[in-house]
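These notes are about the structure you will find just below.
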């Protein structure tokens with residue numbers, strides 16, 4: 001779910017949050033409620049396996065930004081973050097300087113937490129320093145294949161797992177920040193490393209078919 005028990009977690013932009021979803025008359029995971037942007041995110045992105053480098057980096061950053069906040073807050077600021085963070089271009093962020101940071105701290109459209117903003121640069125640098133791609137690294141914690149869980153109620157969905165604990169420890173050793181076990185599990189849910197849609201949610205079968 002998005003985040004630590006807050007609406008399950010998120011990480012493409014909500015292109016048209018007001019659009020009618022293909023699942024609009026079906027039984028979705030309850031965490032998205034009636035909020036159009038959360039519904040769009042749930043139906044189109046959450047749990048869909050993602051292997052491309054830049055989108056994975058974006059999702060990891062977004063999950064770190066959520067710490068202590070609701071996913072909806074992050075989702076509402078996502079497009080602005082894309083603009084401010086150079087489209088989440090890893091190389092550009094890795095070379096950002098103190099002047100860029102000062103601009104971010106003055107930008108009301110961002111989550112103006114200095115530690116979180118500093119982690120955007122730090123994590124970009126850590127990504128470039130990896131011996132393998134970020135995709136290879138994070139997908140190794142599920143053996144390269146999405147884990148298909150079989151939850152029937154939201155209360156059964158964990159906030160962290162052995163795999164997310166292992167990922168967190170590994171990423172921290174590699175120099176990443178804001179990658180605790182709960183953040184890592186939210187990232188795994190968002191990027192489809194695990195399929196945590198409830199089994200009676202129509203998105204469950206959709207994500208399972210893409211595994």
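Tell me, how many Å apart are the Cα centres for the stretch 127-183 and for the stretch 25-58? With the stretch 127-183 and the stretch 25-58 each reduced to a Cα centre, they are spaced 18 Å. Once both labels are positioned 7 Å from their Cα atoms along Cα-to-Cβ, the gap between residue 35 and residue 69 label points is 1.2 nm. Placing a label point 7 Å from the Cα of residue 153 along the Cα-to-Cβ direction, the residues of the stretch 176-201 whose backbone N falls under 20 Å of that point are 196-201. Approximating the spin labels as points 7 Å out from Cα along Cα→Cβ, the residue 113-to-residue 208 distance works out to 3.5 nm.
Gain in length, residue 54 to residue 26, computed as 0.36 nm per residue apart minus the alpha-carbon separation, to one decimal in nm?
6.9 nm
Applying 1/(1 + (r/R0)^6) with R0 = 30 Å to the Cβ-Cβ distance of residue 199 and residue 98 gives a FRET efficiency near 0.05.
I need 164, 70 ordered by Cβ neighbour count within 10 Å, fewest first.
Working: 164 25, 70 14.
Starting with the residue having the fewest Cβ neighbours, the order is 70, 164.
Placing dummy labels 7 Å off each Cα toward the beta-carbon, the span from residue 82 to residue 132 is 2.9 nm. Across the stretch 30-209, Cα pairs under 8 Å and at least six residues apart give a relative contact order of 30 percent. Over the stretch 124-211, Cα pairs under 8 Å with separation of 6+ residues give a relative contact order of 33 percent.
Readers should treat all values here as calculations from the given coordinates under stated rules, not as data from a laboratory. Predicted model only: the values in this text are computed from it and were never measured. Here Cβ is always computed from backbone atoms with ideal geometry, including for glycine, and neighbour counts include all displayed protein chains.
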